[in-house]
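I have a structure here, written as structure tokens, and I will follow up with some questions on it.
The values are calculated or read from the model by the stated rules, or taken from the named source; none is laboratory data. Note that this is a predicted model, so its numbers are computed, not measured. Positions of Cβ are backbone-derived with ideal geometry, glycine not excepted, and every protein chain shown enters the neighbour counts. The accessibility values were calculated without ligands, DNA or RNA, using every heavy atom of the protein model including side chains. Shrake-Rupley method; radii C 1.70, N 1.55, O 1.52, S 1.80 Å.
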Amino acid sequence: MKQGPLKKWLLAACIAASSASIQAAKVEFFDEIDTGPTPLSLEQHRYLAFGEVMYDFYRHATFDAINQLLVNQEQSLFNEDTDYAELLLGDLYVTYGLPGNAETIFNRLLKKDILSHTRAQTWLHKAALHYREGNLTEAAMILDDKKVEGLEPADEARRKLMLANIFMAEGDFSGALGYLDGVPIETNEGRYATYNMGVALIRGGHESQGLQLLNSLLTLDASTDQALALRDRAALAAGLTQLRSGELAGAQSALRQVRSDGPFSEDALLALGLTNYRAGAVKRALPLWLEAVGRNSSHPSVQEALLLAPRAYEELGGMPQALAGYKYAAEQYREALKDLQRAIENIGQTGWADNLLPEDINEVGFLPANSEDLAKGGELSYLYKLFSSNAFAQRFQHYRQIHQIKSMVEHWEQSLPALRETYQIQQQTLTRNLPNVRRQISQHQKTQEQLMLASDKLGLNIPNFVDMSRPADVATAEQAIMWDKVDNLANQFGMLPGSTHANALRLRRVRGLLLWDIAHQSVEQREKQIQAATELEEESRILAERVAAVGAQIRDATLRTRDDLGQRLAQQQPRIAEIKRMSEDTLAALEKSMQADALALLRANQKKLADQLAEAHLAVARLQDTSVSGESKQRKGS
């Protein structure tokens, strides 16, 4: 069978069909079907998506993490059976102040037959939820139960710390100490727990036990700023406690361990001066207070020292220095009052809370974005107690989260017109081009069917044995050309010039040699023909799959022209506007609440400064009157 030209024609037709222009549908045929990568299973898809969520979670982008989880739930990638995703979502709900949603997830997980470790973690999350909401009794019942056995060391330390804090809140210090013993004091959690326990014991009247815990922190090695600051704070708390109880030697020993350049150095200078003053060593107290006076004048301890230093001069008989000191104090108080007034005016302005937002929305912890400006104006010194309070930090955390939602909604609002316009353009393009695309793909389907039938027929026509009745069918291309020429000469021999007997013998020899050569390679050539026919059938099958894929895309495009996406996009505008309005109202309410707290704190400081200013003026007037009366007595005596 003569097969070469037919195969070449079929291959050319396949290439022409696969590269046919279907511009309206914007579909490209690929040269090869990628058979390398194996499709991911559902569980592999889940772990891949969960890895992206955990990446956002560990870089503290919790807003992105919770959005990823909710999107994957909407796409049915995660569901109620993916326990690990459910547990993380519940934890994120707690972070975002949605305890109802979190508890629903935790309760659903606890009803299922899950691993003991996952069950213990779920109970711990549920207890932490109650602890955060102030339901200490319910939290303690869970934390002190066998349900939470088998936790990781970090989670176990967290459990003990929560129990210790609950017992401290109830005044059961012995019970709290029992749980703190299991928390390593070298860890940050252990240091803070020991400090809190020590302070709680002191406030509860167990001074010796409290001092013992605070002093245990002073002997620990500290390499980080956080650990060093906590050690300074413990030394300051121990010193102030002993100062109040009259143990001046112990107070001095503790206060001297506070670093001179640490965040509590001003408080330590003031307290150390008071220990010397109460011990009768006024000369030792004076240099400490003078050192404090040279520090930040907006610090409360420095403002106290502004009056104590001239008082010490007065007791030592240095009336000119005392008078100058009181005048300097009055001047500093007036400047501080001006700073306070500017801070009050600044806080009262709209957008004050926005100025506190950090530039990086994923930044952890609380530090105002304009902290340098606040420090220059003295505002930070007055508001540090407010910034460090848990209630204010929680409200500001909610403010940050709602501000993120508002930013996201504004982004949606800006993107919606472009989405609607893009959708309209897509609809117009599909409506205009789909009829022509359907006609072209119908023609390609018919051509492809013809090609497949021809390739099948070609494979069937190859005999199961080497058939030498038609030598050209099992010959190579060169042999087929030679055979065609020799066969034509044999058929026309006798009509051509030189048709002699000798030439007839020569032609017969050539014909015989050529037949032998063809027969010698016929088996190999037949195998090549079978392989080529198989490859042609496979190419026809791949072409059929491509044509079918294009047909499926055309059907999908047809469905897109009939969907209600345009209507749904139009309905999003009022919804987005409502969410934006609600977020703006919530932000305004939170800002007003935070402003009220800040203004109340600043006004309390303002009143205290006014009293101190009045006291400084009275001291100046008193010393001036004493000086005038002394001069009068001296003149009368002379």
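What's the number of the condition residue 210 fails, among (1) small (Gly, Ala, Ser); (2) under 24 Å from residue 123 (Cα atoms); (3) modelled with pLDDT of 85 or more?
Checking residue 210 against (1) small (Gly, Ala, Ser); (2) under 24 Å from residue 123 (Cα atoms); (3) modelled with pLDDT of 85 or more, the one that fails is (2).
Could you look through the stretch 49-101, keep only residues that are aromatic (Phe, Trp, Tyr) and open to solvent by 60 Å² or more (accessible area, probe 1.4 Å), and pick out the one that is farthest from residue 408 (Cα to Cα)? Steps first, answer last, please.
Our first condition is that a residue be aromatic (Phe, Trp, Tyr); within the stretch 49-101, this holds for 50, 55, 57-58, 63, 78, 84, 93, 96.
Filter once more, so that each one left must be open to solvent by 60 Å² or more (accessible area, probe 1.4 Å): 55, 58, 84.
On the way: 55: 20, 58: 21, 84: 27 Å.
That would be 84.
Residues in the stretch 525-580 that are among the polar types (S, T, N, Q) and open to solvent by 70 Å² or more (accessible area, probe 1.4 Å): how many? Don't jump to the end; show me each part of the working.
Quick first cut of the stretch 525-580, residues among the polar types (S, T, N, Q) only: 525, 529, 531, 534, 540, 553, 558, 561, 567, 571-573.
From what is left, the residues that are open to solvent by 70 Å² or more (accessible area, probe 1.4 Å) are 531, 534, 553, 567, 571.
Count: 5.
Now for a separate question. Being assigned to a helix (DSSP H, G or I) and either open to solvent by 60 Å² or more (accessible area, probe 1.4 Å) or touching a Pro at 6+ places or on another chain (Cβ under 6 Å) (or both) is the requirement here; does residue 175 meet it?
The answer is no for residue 175.
Give the residue that is farthest from residue 235 (Cα to Cα), with candidates limited to residues of the stretch 161-172 that are outside any loop (DSSP other than H, G, I, E, B) and open to solvent by 50 Å² or more (accessible area, probe 1.4 Å).
Here the answer is 169.
Just to be sure, is residue 507 surrounded by 15 or more Cβ atoms within 10 Å (Cβ to Cβ), out of contact with any His (no Cβ under 7 Å at 6 or more places or on another chain), without any contact (Cβ under 8 Å) to a residue 40 or more places away in the chain and over 23 Å from residue 466 (Cβ atoms)? Walk me through it before giving the result.
Working: surrounded by 15 or more Cβ atoms within 10 Å (Cβ to Cβ): yes; out of contact with any His (no Cβ under 7 Å at 6 or more places or on another chain): yes; without any contact (Cβ under 8 Å) to a residue 40 or more places away in the chain: yes; over 23 Å from residue 466 (Cβ atoms): yes.
The answer is yes for residue 507.
May I pose another question? Cβ-Cβ below 8 Å, separation at least six or inter-chain, first residue in the stretch 544-559 and farther than 10 Å from residue 444 by Cα, second among the aliphatic types (A, V, I, L, M) and outside any helix (DSSP H, G or I): which pairs?
Taking only residues 6 or more apart or on different chains, the pairs are 545/33; 550/22; 550/27; 553/27.
Report every pair of residues separated by at least 6 positions or lying on different chains whose Cβ atoms are under 6 Å apart, first residue within the stretch 388-412 and touching a residue at least 60 places away in the same chain (Cβ under 8 Å), second among the aromatic types (Phe, Trp, Tyr) and open to solvent by 40 Å² or more (accessible area, probe 1.4 Å).
Once the first residue is touching a residue at least 60 places away in the same chain (Cβ under 8 Å) and sits in the stretch 388-412, no partner that is among the aromatic types (Phe, Trp, Tyr) and open to solvent by 40 Å² or more (accessible area, probe 1.4 Å) comes close enough.
Out of everything in the stretch 526-572 that is part of a loop (DSSP other than H, G, I, E, B) and not β-branched (Val, Ile, Thr), what residue ends up being nearest to residue 472 (Cα to Cα)?
562
When you look at residue 237, is it within 26 Å of residue 303 (Cα to Cα) and in contact (Cβ under 8 Å) with a residue 40 or more places away in the chain, yes or no?
In short, yes.
On to the next question. Residue check: is residue 269 open to solvent by less than 60 Å² (accessible area, probe 1.4 Å) and free of Cβ contacts under 8 Å to residues at least 60 places away in the same chain?
Values: open to solvent by less than 60 Å² (accessible area, probe 1.4 Å): yes; free of Cβ contacts under 8 Å to residues at least 60 places away in the same chain: yes.
Here the answer is yes, as residue 269 does meet what is asked.
Give me the pairs, please: first residue somewhere in the stretch 434-460 and under 21 Å from residue 537 (Cα atoms) and in a helix (DSSP H, G or I), second residue anywhere and open to solvent by 30 Å² or more (accessible area, probe 1.4 Å) and of a type in the set (S, T, N, Q), beta-carbon distance under 9 Å, and either six or more positions apart or on two chains.
These pairs meet every condition: 459/534.
Another question, if that's okay. Looking only at the stretch 197-210, how many residues end up being under 15 Å from residue 240 (Cβ atoms) and buried (at least 22 other Cβ atoms within 10 Å of the Cβ)?
4
Could we say that residue 190 is of a type in the set (Gly, Ala, Ser) and part of a loop (DSSP other than H, G, I, E, B) here?
No.
Return the residues of the stretch 219-248 that are crowded, with 19+ Cβ neighbours inside 10 Å and not aliphatic (A, V, I, L, M); say none if nothing qualifies.
231, 232, 233, 239, 241, 242
Residue-wise test of (1) under 60 Å from the mean Cα position of the chain (by Cα); (2) modelled with pLDDT of 80 or more.
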position: 467; (1), (2): no, no
position: 478; (1), (2): no, yes
position: 482; (1), (2): no, yes
position: 503; (1), (2): no, yes
position: 506; (1), (2): no, yes
position: 516; (1), (2): no, yes
position: 526; (1), (2): no, no
position: 532; (1), (2): yes, yes
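Could you list, in sequence order, the residues of the stretch 149-160 that are crowded, with 20+ Cβ neighbours inside 10 Å and over 17 Å from residue 135 (Cβ atoms)?
Matches in the stretch 149-160: 160 only.
Next question. Of the conditions (1) in contact with a helix residue (DSSP H, G or I) (Cβ under 8 Å, 6 or more places away or on another chain); (2) closer than 25 Å to residue 169 by Cα, residue 118 fails just one. Which one is it?
Answer for residue 118: the failing condition is (2).
Answer yes or no as to whether residue 263 is modelled with pLDDT under 90, under 23 Å from residue 333 (Cα atoms) and open to solvent by 70 Å² or more (accessible area, probe 1.4 Å).
Against the criterion (modelled with pLDDT under 90, under 23 Å from residue 333 (Cα atoms) and open to solvent by 70 Å² or more (accessible area, probe 1.4 Å)), residue 263 qualifies.
Can you tell me how many residues in the stretch 298-338 are in contact with a helix residue (DSSP H, G or I) (Cβ under 7 Å, 6 or more places away or on another chain) and either among the aliphatic types (A, V, I, L, M) or over 15 Å from residue 616 (Cα atoms) (or both)?
The total comes to 19.
Still on this structure: From the list 172, 155, 232, pick out the single residue that is at pLDDT below 85, over 29 Å from the mean Cα position of the chain (by Cα) and among the acidic types (Asp, Glu). Full working, then the answer.
Details: 155 fails: over 29 Å from the mean Cα position of the chain (by Cα); 232 fails: at pLDDT below 85.
Answer to the check: 172.
Quick check: is even one residue across the stretch 477-488 surrounded by 13 or more Cβ atoms within 10 Å (Cβ to Cβ) and not in a helix (DSSP H, G or I)?
no
Further, regarding this structure: Going through the stretch 249-260 one residue at a time, which ones are out of contact with any Ser or Thr (no Cβ under 8 Å at 6 or more places or on another chain) and either open to solvent by less than 20 Å² (accessible area, probe 1.4 Å) or closer than 13 Å to residue 292 by Cα (or both)?
If the condition is that a residue be out of contact with any Ser or Thr (no Cβ under 8 Å at 6 or more places or on another chain) and either open to solvent by less than 20 Å² (accessible area, probe 1.4 Å) or closer than 13 Å to residue 292 by Cα (or both), then 254, 260 are the ones that fit.
Does at least one position in the stretch 107-121 carry a residue that is touching a Gly at 6+ places or on another chain (Cβ under 7 Å), in contact (Cβ under 8 Å) with a residue 24 or more places away in the chain and open to solvent by less than 70 Å² (accessible area, probe 1.4 Å)? Explain how you work it out, then say what you get.
Residues of the stretch 107-121 that are touching a Gly at 6+ places or on another chain (Cβ under 7 Å), as a first pass: 116-117, 120.
After this cut, where a residue has to be in contact (Cβ under 8 Å) with a residue 24 or more places away in the chain as well, the list is 116-117, 120.
With open to solvent by less than 70 Å² (accessible area, probe 1.4 Å) added as a condition, the list becomes 117, 120.
Yes, that holds for at least one residue.
Which residue is nearest to residue 68 (Cα to Cα), if the candidates are limited to the stretch 122-142 and must be open to solvent by less than 20 Å² (accessible area, probe 1.4 Å) and small (Gly, Ala, Ser)?
128
In this structure, does residue 182 turn out to be surrounded by 15 or more Cβ atoms within 10 Å (Cβ to Cβ) and touching a residue at least 12 places away in the same chain (Cβ under 8 Å)? Working first, answer last.
On the way: surrounded by 15 or more Cβ atoms within 10 Å (Cβ to Cβ): no; touching a residue at least 12 places away in the same chain (Cβ under 8 Å): yes.
So residue 182 does not fit the description; no.
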